[in-house]
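Worksheet: the structure to be examined is printed underneath.
The values are calculated or read from the model by the stated rules, or taken from the named source; none is laboratory data. Just so we're clear, the structure is a prediction, and the values are computed from it rather than from any experiment. Here the Cβ is made from the backbone with ideal geometry for all residues, glycine too, and neighbour counts use every protein chain on show. Side chains are part of the model used for accessible areas, which takes the heavy atoms of the whole protein and leaves out ligands, DNA and RNA. Shrake-Rupley method; radii C 1.70, N 1.55, O 1.52, S 1.80 Å.
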Amino acid sequence: MSPSMVRLVSLTRREVSRFLKIPRQTVGAPLLETFLYISIFGAALGSRVGDLHGYEYIVFVVPGLIMMAFAINAFTNNSSSILQQKFQGAIDDQLSSPASPGQLLLAFTLGGFLRGLLISVVTFLVASLLIDLPVKHFYILIPALFLVGWFFASLGVLVGVRAEQFDDVSFAQTFILQPLIFLGGVFYSASLLPEPYETLTHFNPVYYMISLVRYGFLGVADISVWLSLALLTAATAALTFANYRMFKSGYKLRR
Amino acid sequence: MSSSSANPPDPSPPALEITDLVKRYPTGVEALKGVSLEIADGEFFGLLGPNGAGKSTLIHCSTGLASPTSGEIRVFGHDAVGDYRQAREAVGLAPQELNIDWFLTVEETLDFHGGYFGMGKKDRKERVDELLESFSLVDKRNDRTRDLSGGMKRRVILARALMHRPRLLILDEPTAGVDVELRLELWHYVQQVNSEGTSILLTTHYLEEAEQLCSRIAFINGGEIVDHGSSDELAERFGVGSLEDAYLELVGRKELSRAHVGIEAEDGQ
């Protein structure tokens, strides 16, 4: 392995080891949360809601839950990890190393991405045992999940670098991210909403992400799939580029 | 400031060559006002100055932790900004703060650091074993760093700085707050590292430490290098008897001189 590759692998290993060291908090808790949603909305409430787009309510909800688990974990991991290392000053060890801005950014982004991936894969596997979850459009599902994960992992990096206190990170998660995800249609179909809420939902970018993932699993969508995929690709690329610029300039990282 | 003018030309580039370095923070504070400094390959160099004089800023600029506003920094001839990869590979930094990650064990702290510097797995393993042995950390190998005492953390930080075998070791107040035994142990270790050819830049508030370890010393105050030379040269130039008195002259607090206080006490008797 070249020294440059050793650098990237070590930087990434460090991020992965962080969340694997505290598995109850980083893996156990989010899995429990997802299964509580499945229990409540599937077993308890699902039978009263009836079918949505021809699927049992629980089957309709699970794709959104998988996407939500990916998004929130990717975001939380990166924003917390970066802020914590900035707080301890430990990040200086990476910053004073020969690693390039691109390598640093890639490793920090991958940390949360891999945590989100792990949790969403486990959720998918367990959900597959409990319910009959189809995968209708694999070729849409994989890029959609990859892009959603990368987008939120990058957003976590952006917030973590800009944050100056832990409150900044929890504010972004509680007051921006969570409402956007919950109102984006994880638990319902936007078409069931009365006006003006249905139209308002179309201004929520997370709505398109959930719809894409749901289309990948169930094959139903009330959005233009290819346009949404193109826009999500563009947004993810723009965010990654903005982060790269931030790492290159050393904004809020270097003094 | 240059020591090379008095010496015969040296074919190897200086360990650290700083020319007209200016660092202005966005707040407008000018922490460094055109600093020039040269540390020869193999030299043990001390940088003294009061708090806020610019010592840490100079170190941050030299290690990539701060971006210089203007001026040039070369580490063994490599531009620390344009050619940062080679420059940073040559530098090991033991910062003032105990900035180790609480989540990592002692071994992981060293191993990851080696990885950031591109060291292969086998090399890292050997080097970690060697450093744990040297710093009496073998039985702490699997301890999380947050569980270590302050002195132990200080050892880990020095071991980490040495992990990738740097040619220039930068020590920013390495003995602040450590007990006498560890201070002497650290002195012994850095002297040994220096005798093996590693150049060292040391900042400290302990003048005795600078006198004991450094062949040359520079005084920095208000973001400017105000003088440099050996401990004896500085005392002579300031017309005082010791490095401490020269330092007090520099910071405008000569009334604190032990000699001065002693004379007043005698007068009073």
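A few comments on the model shown:
- Any hit, the range B:225-237, residues being surrounded by 19 or more Cβ atoms within 10 Å (Cβ to Cβ), of a type outside the set (A, V, I, L, M) and part of a helix (DSSP H, G or I): yes
- Scanning the range B:113-131 for residues that are more than 8 Å from every other protein chain (Cβ to nearest Cβ) and of a type in the set (A, V, I, L, M, F, W, C) yields B:Val128, B:Leu131.
- For the range B:75-95, the set of residues classified as open to solvent by 60 Å² or more (accessible area, probe 1.4 Å) and either closer than 22 Å to B:Glu173 by Cα or not assigned by TED's automatic domain parsing to the domain that holds B:Glu173 (or both) consists of B:Glu89 only.
- Assessment of the range B:171-190 against the conditions (of a type in the set (Lys, Arg) and not in a helix (DSSP H, G or I)) yields no matching residue.
- Per-region count, the range B:173-210, residues under 12 Å from the mean Cα position of the chain (by Cα) and polar (S, T, N, Q): 4
- When B:Leu110, B:Leu98 are checked against the criterion of being open to solvent by 50 Å² or more (accessible area, probe 1.4 Å), without any contact (Cβ under 8 Å) to a residue 60 or more places away in the chain and within 14 Å of chain A (Cβ to nearest Cβ), B:Leu98 stands alone in meeting it.
- Hits in the range B:165-177 (condition: at pLDDT below 95 and open to solvent by less than 20 Å² (accessible area, probe 1.4 Å)): B:Asp172, B:Pro174, B:Thr175
- Number of residues in the range B:125-142 that are in contact with a Ser or Thr (Cβ under 9 Å, 6 or more places away or on another chain) and either modelled with pLDDT under 95 or surrounded by 20 or more Cβ atoms within 10 Å (Cβ to Cβ) (or both) equals 1.
- Hits in the range B:60-74 (condition: hydrophobic (A, V, I, L, M, F, W, C) and either surrounded by 23 or more Cβ atoms within 10 Å (Cβ to Cβ) or over 30 Å from B:Asp143 (Cα atoms) (or both)): B:Cys61, B:Ala66, B:Ile73
- Just one residue in the set A:Gln103, A:Gln84 is surrounded by fewer than 21 Cβ atoms within 10 Å (Cβ to Cβ) and either part of a helix (DSSP H, G or I) or small (Gly, Ala, Ser) (or both); that residue is A:Gln84.
- Taken together, the residues in the range B:238-251 that are touching a strand residue (DSSP E or B) at 6+ places or on another chain (Cβ under 9 Å) and either loosely packed, with under 15 Cβ neighbours inside 10 Å or over 26 Å from B:Tyr25 (Cα atoms) (or both) amount to 4.
- Taking the conditions (1) surrounded by 14 or more Cβ atoms within 10 Å (Cβ to Cβ); (2) hydroxyl-bearing (Ser, Thr, Tyr); (3) away from chain B (no Cβ under 14 Å) in turn, A:Thr26 satisfies each one other than (3).
- Selection over the range A:13-23 of residues that are buried (at least 20 other Cβ atoms within 10 Å of the Cβ) and more than 8 Å from every other protein chain (Cβ to nearest Cβ) gives a count of 2.
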